[in-house]
1. Take the alpha carbon gyration tensor of the stretch 82-232, find the square roots of its eigenvalues, order them as a ≥ b ≥ c, and report rounded if a/c is under 1.5; if not, report prolate when a/b exceeds b/c, else oblate.
2. Would the stretch 265-444 count as rounded, prolate or oblate if I go by the C-alpha gyration tensor, calling it rounded below 1.5 in a/c and otherwise prolate when a/b exceeds b/c, oblate otherwise?
3. Please report Rg (one decimal) and Dmax (integer) in Å for the Cα set of the chain.
4. Within the stretch 355-460, report the GluC sites (Glu not before Pro) that DSSP leaves as loop and that have at most 13 other Cβ atoms within 10 Å.
5. Could you tell me the calculated FRET efficiency between Ala349 and Gln382, based on Cβ-Cβ distance and R0 = 25 angstrom, to the nearest 0.05?
6. Residue separation times 0.36 nm, minus the C-alpha to C-alpha distance between Ser434 and Arg16: what's the value?
7. Two decimals is fine: what's Rg over Rh for the stretch 8-103, C-alpha atoms, Kirkwood radius as Rh?
8. Given a 1.4 Å probe and heavy atoms of the protein chains only, how would you sort Lys24, Lys113, largest accessible area at the top?
Amino acid sequence: METDMTFEYAPAPESRAIVTIKPKYGHFIGGKFVPGSKHFPTINPATEEVLSQIALAGKADVDAAVKAARKAYTSTWSKMSGKERGKYLYRIARIMQERAREFAVLETLDNGKPIRESRDTDIPLAAAHFFYHAGWADKLEYAGLGTSPKPLGVAGQIIPWNFPLLMLAWKVAPALAAGNTVVLKPAESTPLTALLFAEVCQQAELPAGVVNIVTGDGSTGALIVNHPGIDKIAFTGSTEVGKIIARAVAPTKKSVTLELGGKAANIVFDDAPIDETVEGIVNGIFFNQGHVCCAGSRLLLQESVAEEVLHKLKNRMEKIRVGDPMDKNTDVGAINSKEQLAKIIELSAVGDAEGAERWSPACELPSKGFWFAPTIFTGVTQAHRIAREEIFGPVLSVLTFRTPQEAIEKANNTPFGLSAGIWSEKGSRTLWASQQLRAGVIWANTFNKFDPTSPFGGYKESGWGREGGRHGLAAYLKGVSHE
Ligand code: NDP
């Protein structure tokens with residue numbers, strides 16, 4: 001039943017009193033915070049307030065971090081029993097849970113995502129990754145990955161800004177469980193939760209040098225990628241940088257995993273449960289402002305239900321609350337950076353120019369900070385750039401199809417292959433479609449669900465290797481994958 005009744009929401013702001021942000025940060029190397037030389041600001045994208053000054057790591061800092069990681073690897077971590085390593089991972093997981101509110105507030109301030117998402121998704125999932133991998137640390141020989149699996153050595157890890165702490169957990173937890181040590185670089189615009197994680201490592205009394213965190217920009221990332229003292233590179237980010245990294249490591253002995261972009265098809269068949277489907281479409285593209293590599297950014301509607309779905313989707317979008325990320329009622333927060341906003345604006349303008357029809361609900365956007373209203377484009381064809389390129393924002397491209405075969409052809413007509421969604425009440429149709437789709441993760445009657453036990457990764461230009469589950473563990477062990 002549709003109703004026009006609306007309720008006013010009273011503001012429900014989360015307090016930021018729980019976090020202490022230092023005016024300036026250095027790097028975390030060899031178990032200690034060491035001062036940086038050059039600094040750059042990190043801002044709150046919802047207000048443009050400068051939160052802190054972050055150190056920009058150069059060659060000497062990356063060298064020191066790799067040296068500390070190597071020392072910790074040879075002298076301590078690779079020699080320690082899996083049972084002992086597991087204890088540290090459990091300890092880290094429990095401290096993350098204890099300090100969850102602090103992490104959530106800090107993540108929202110630095111990233112712009114709604115507190116409801118950092119509190120209910122990012123931080124609990126990050127802790128879950130440490131719990132899950134703590135369980136593997138003393139059971140590696142039973143993982144079906146050989147009788148005596150051995151770590152790779154020092155892992156260089158480079159992560160993006162869309163899920164800062166969660167991406168750290170995806171990278172650090174399996175590396176440590178398998179017996180590797182790490183040098184991690186968070187994204188330039190979201191370094192604060194990684195630096196708080198460094199404090200957690202100290203609190204857990206993790207041996208010095210097992211986790212090293214250097215902050216900086218792409219130049220720091222390149223120094224890590226090209227460092228001869230590193231055995232494995234794990235990267236999440238754009239396909240463009242992924243290709244640069246693939247070229248850089250090709251002539252070396254480094255192992256590599258790449259989690260890159262996506263342009264996922266979310267396919268709605270005519271027998272789909274429409275109301276649930278509309279919720280799934282909204283979750284698929286507007287979760288985390290659409291800053292999600294596996295976002296359901298291409299909606300494929302079967303023609304016979306297209307009108308009904310679009311009508312209900314627009315109704316539902318009218319109710320999306322965009323604004324202050326610290327308000328517990330907010331659904332869509334700020335765009336992470338000025339640069340990302342410019343990219344979203346530019347690609348949306350291309351959608352207009354190519355003849356697609358743009359629609360957004362009426363919504364008042366804050367005057368400061370970086371904002372983009374939830375948007376859908378209808379009348380999109382496969383040739384449109386907004387159907388082919390990753391917009392990485394709250395923008396949905398809608399296409400239609402007549403037959404299931406046409407849906408599959410359109411869904412697979414992309415250089416990417418990270419994820420896909422299927423909405424249908426028919427099990428046989430869902431299974432048939434999932435076997436035809438070239439995507440690493442396929443959700444049926446749901447979207448954007450994550451679990452540490454489930455491998456995640458893509459085909460084609462969406463990357464190499466898997467993270468999570470046994471497959472993700474294998475990527476940090478010798479002779480098992482990508483060597
Ligand atoms: P990047 O791929 O540039 O950034 C990801 C990480 O790589 C960051 O830590 C970045 O550092 C670092 N980096 C940048 N250049 C290099 C390099 N040459 N060598 C090694 N590391 C490097 O993504 P952006 O933040 O620039 O976003 C651009 C686009 O990428 C987005 O619009 C979106 O489409 C896509 N993207 C996809 C993601 C995904 O999960 N698939 C995640 C993020 C972005 P720093 O941030 O400090 O510059």
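1. Judged from the Cα gyration tensor, the stretch 82-232 comes out oblate (a/c at least 1.5, b/c at or above a/b).
2. prolate
3. Gyration radius and largest Cα-Cα distance of the chain: 22.2, 67 Å.
4. When the GluC sites (Glu not before Pro) of the stretch 355-460 are filtered for loop state and at most 13 Cβ neighbours within 10 Å, Glu364, Glu425 remain.
5. Details: r = 20 Å, r/R0 = 0.78.
For R0 = 25 Å, the calculated efficiency reads 0.80.
6. Values: separation 418, 0.36 × 418 = 150.48 nm, distance 4.37 nm.
That pair, Ser434 and Arg16, stretches by 146.1 nm at full extension.
7. Rg/Rh: 1.09.
8. Lys24, Lys113
The values are calculated or read from the model by the stated rules, or taken from the named source; none is laboratory data. Here the structure is a predicted model, which means the values were calculated and not measured. Please note: Cβ atoms are built from the backbone with ideal geometry, for glycine as well, and neighbour counts cover all protein chains shown. To get the accessible areas, we keep the full protein, side chains included, count just its heavy atoms, and leave off ligands, DNA and RNA. Shrake-Rupley method; radii C 1.70, N 1.55, O 1.52, S 1.80 Å.
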